[in-house]
Amino acid sequence: MTTRRTATPGFFEIVGSAIAAAAAANNGRSPRNRDLRVLGIDPAQYHSIRRF
């Protein structure tokens, strides 16, 4: 049996990236660029956001 690979992320990949990004933000770290891209967020714009 072959595995079909698509460019569109699957449900579990999106949920995994959301959990990873939320955990990173919760712990005061920056999420990985790959996770941001999977979620449809431009990493450059995300990193340009400043905190108060």
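The values are calculated or read from the model by the stated rules, or taken from the named source; none is laboratory data. Source: prediction; values computed, not measured. Note that each Cβ is placed from the backbone with ideal geometry, even for glycine, and that neighbours are counted across all protein chains shown.
Tabulated values for the structure
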{"quantity": "Tally, over segment 30-52, of residues that are out of contact with any His (no Cβ under 8 Å at 6 or more places or on another chain) and surrounded by 10 or more Cβ atoms within 10 Å (Cβ to Cβ)", "calculated": "14"}
{"quantity": "Pair list, Cβ < 8 Å and 6+ apart or interchain, from segment 8-26 residues that are more than 10 Å from LEU39 (Cβ to Cβ) to residues that are of a type in the set (Ser, Thr, Tyr) and not in a helix (DSSP H, G or I)", "calculated": "ALA24/SER30"}
{"quantity": "Enumeration of residues in segment 27-37 that are modelled with pLDDT of 95 or more and either of a type in the set (D, E, K, R) or assigned to a helix (DSSP H, G or I) (or both)", "calculated": "ARG32, ASN33, ARG34, ASP35, LEU36, ARG37"}
